Ligand code: AMP
């Protein structure tokens with residue numbers, strides 16, 4: 001079954017607008033099958049997991065069916081837990097945003113009756129509730145089902161497990177016979193099948209085809225990652241595993257935009273592809289990616305389809321695909337033509353259930369891997385630094401500094417101390433991180449309880465800050481200069497160091513300045529751009545590479561504006577400190593970071 005574009009499904013312009021607003025580019029498999037069937041009035045039985053897009057699959061036709069002039073319950077959605085009821089109600093509200101007059105209300109145990117009664121009295125047409133509380137309202141006659149046109153049972157198998165089968169039966173019996181009935185369930189145990197038999201009429205069966213494809217040459221792993229730290233884990237894996245050519249898949253255009261910006265800000269040669277880009281823009285990006293002018297392509301499924309790049313080193317599923325079929329398509333971009341490939345998938349919280357269904361779908365092994373620890377990252381940095389130092393010494397390709405070293409030796413310093421001090425000054429970034437690299441802890445899905453899913457307690461630990469050269473903070477890749485000049489220079493060991501840091505800018509037309517604030521003062525690259533643009537009123541395009549150090553920051557400014565920036569920024573109050581700003585000179589005559 002091919003996936004379809006939303007515009008092909010027969011939805012009204014109001015709903016299509018909401019779908020675009022939510023950043024969905026195309027319908028998922030389940031949506032492509034269920035929406036037309038439901039719009040045509042059929043009953044539907046869908047075998048589908050959370051994460052397959054099933055909520056919108058039933059919610060869009062449900063909203064479509066609502067007669068806004070009628071202020072009475074017209075659609076009833078039964079969910080096993082209050083959490084799911086709230087989630088579904090939220091999605092219904094978003095999808096109904098442009099259809100005026102549609103009201104939805106979640107109804108679940110534990111919430112005050114008053115609020116629910118008010119919502120019902122106000123004329124909510126879509127009721128999303130847990131079976132117990134819905135039964136209460138039916139018994140109290142505060143909820144009437146006489147105008148119900150559609151009943152949806154979401155996660156029917158879970159409702160069965162939770163002992164709601166009799167309640168479901170009662171509700172289905174009370175609703176008018178002339179209605180649509182929709183079952184969504186991950187599994188179809190006997191009692192659910194018998195409910196389906198009793199309460200649906202010639203249902204259209206909607207499933208994801210179970211055509212497992214074998215992918216023998218692809219090494220597949222997944223990491224359970226707290227959603228908030230996906231970016232850090234991604235960068236950590238890229239660095240640690242020396243990954244230099246990959247596609248990173250995200251669920252929406254917004255995510256693609258966001259991730260591309262984050263990666264570029266961290267100095268990775270990444271660009272994006274999604275459906276909002278013109279053909280010319282896409283071709284330009286693909287061309288660059290093919291020629292290895294880019295290391296990473298961040299894309300949605302739609303944009304990547306038909307993308308003729310087939311030998312990527314790694315496919316990242318930064319956001320989990322909707323189902324096994326999408327997973328298969330995505331990872332098929334690696335390991336082609338007899339080469340071995342890799343697929344790395346991030347799984348957050350409850351997505352683990354979807355991951356399990358993907359594993360079943362592909363009938364294959366996807367190993368669970370542990371997120372690399374802080375120590376491993378540090379060790380790698382130190383080893384890489386050692387290797388490059390060793391290589392430099394072996395090759396002898398460096399200028400001797402006998403006079404300078406001789407002066408220090410004359411003063412009684414020993415060679416090992418001098419070397420250590422130099423490493424401290426210039427190798428700081430690689431031998432040890434400026435701040436402790438915090439372990440990105442993993443988040444396991446909480447076990448399901450009878451009446452709810454427990455949410456894991458939020459953990460409050462800041463993401464690791466990374467040592468990365470900051471490229472020019474331009475958003476528009478169309479006018480970004482060719483990447484090779486701006487790309488961080490690979491040390492060949494996975495560490496990408498900016499050789500120009502602390503020296504005069506190596507970029508034509510740019511002057512490197514030093515600001516007397518750095519990471520230790522809580523500075524981010526955005527703050528640097530912000531203060532320069534804010535104080536000088538120059539456009540942000542005059543700002544080039546930004547290189548944060550512990551106590552100071554190097555920033556490139558277009559030559560003709562450098563003096564203005566120095567004069568305007570010097571002496572101002574910034575982040576609670578008096579700021580100094582001067583032209584950077586070659587490394588040896590620069591103010592030492594630690595002395596400020
Ligand atoms: P569900 O299976 O309904 O729990 O949906 C899982 C996630 O997929 C939700 O976060 C939805 O917002 C998202 N989603 C649903 N349909 C689409 C789509 N067509 N494109 C992208 N994301 C979607």
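Some observations on this one:
- The stretch 11-23, subset more than 10 Å from the ligand (Cβ to nearest atom) and modelled with pLDDT under 95, residue farthest from residue 90 (Cα to Cα): 20
- Scanning the stretch 96-129 for residues that are over 15 Å from residue 69 (Cα atoms), in a strand (DSSP E or B) and within 16 Å of the ligand (Cβ to nearest atom) gives 106, 128.
- Count of the stretch 157-190 residues which are touching a strand residue (DSSP E or B) at 6+ places or on another chain (Cβ under 8 Å), in a helix (DSSP H, G or I) and without any contact (Cβ under 8 Å) to a residue 60 or more places away in the chain: 2
- Considered as a group, the residues in the stretch 286-298 that are part of a helix (DSSP H, G or I) and surrounded by fewer than 22 Cβ atoms within 10 Å (Cβ to Cβ) include one that is nearest to the chain's Cα centre (by Cα), and that residue is 286.
- Restricting the stretch 238-252 to residues that are buried (at least 22 other Cβ atoms within 10 Å of the Cβ) and over 17 Å from residue 292 (Cα atoms), the residue that is nearest to the ligand (Cβ to nearest atom): 250
- Within the stretch 349-367, being surrounded by fewer than 14 Cβ atoms within 10 Å (Cβ to Cβ) and in contact with a strand residue (DSSP E or B) (Cβ under 6 Å, 6 or more places away or on another chain) holds for one residue alone: 367.
- Filtering the stretch 23-43 to residues that are closer than 18 Å to residue 149 by Cα and surrounded by 24 or more Cβ atoms within 10 Å (Cβ to Cβ) leaves 34, 35, 38.
- Condition check for residue 57: in contact with a helix residue (DSSP H, G or I) (Cβ under 7 Å, 6 or more places away or on another chain), within 16 Å of the ligand (Cβ to nearest atom), modelled with pLDDT of 95 or more and assigned to a loop (DSSP other than H, G, I, E, B): no
- Scanning the stretch 64-95 for residues that are within 14 Å of the ligand (Cβ to nearest atom), in contact with a strand residue (DSSP E or B) (Cβ under 7 Å, 6 or more places away or on another chain) and not in a helix (DSSP H, G or I) turns up 77, 79, 81.
- Qualifying residue in the stretch 331-338 (condition: assigned to a loop (DSSP other than H, G, I, E, B), within 16 Å of the ligand (Cβ to nearest atom) and in the same structural domain as residue 255 (by TED's automatic domain parsing)): no
- Qualifying residue in the stretch 79-101 (condition: surrounded by 22 or more Cβ atoms within 10 Å (Cβ to Cβ), in contact with a helix residue (DSSP H, G or I) (Cβ under 9 Å, 6 or more places away or on another chain), more than 18 Å from residue 156 (Cβ to Cβ) and free of Cβ contacts under 8 Å to residues at least 40 places away in the same chain): yes
- When 588, 568, 582 are checked against the criterion of being part of a helix (DSSP H, G or I) and at pLDDT 85 or above, 568 stands alone in meeting it.
- Any hit, the stretch 208-219, residues being buried (at least 19 other Cβ atoms within 10 Å of the Cβ), out of contact with any strand residue (DSSP E or B) (no Cβ under 6 Å at 6 or more places or on another chain) and part of a loop (DSSP other than H, G, I, E, B): yes
Every residue, every condition in (1) assigned to a helix (DSSP H, G or I); (2) touching a residue at least 12 places away in the same chain (Cβ under 8 Å), yes or no:
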position	(1), (2)
230	yes, yes
236	yes, yes
239	yes, yes
244	no, yes
255	yes, yes
262	yes, yes
267	no, yes
280	yes, no
283	yes, no
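- Here is the figure for the stretch 24-47: residues that are more than 7 Å from the ligand (Cβ to nearest atom) and in contact (Cβ under 8 Å) with a residue 40 or more places away in the chain total 13.
The values are calculated or read from the model by the stated rules, or taken from the named source; none is laboratory data. Just so we're clear, the structure is a prediction, and the values are computed from it rather than from any experiment. Cβ atoms come from the backbone with ideal geometry, glycine included; neighbour counts cover every protein chain shown.
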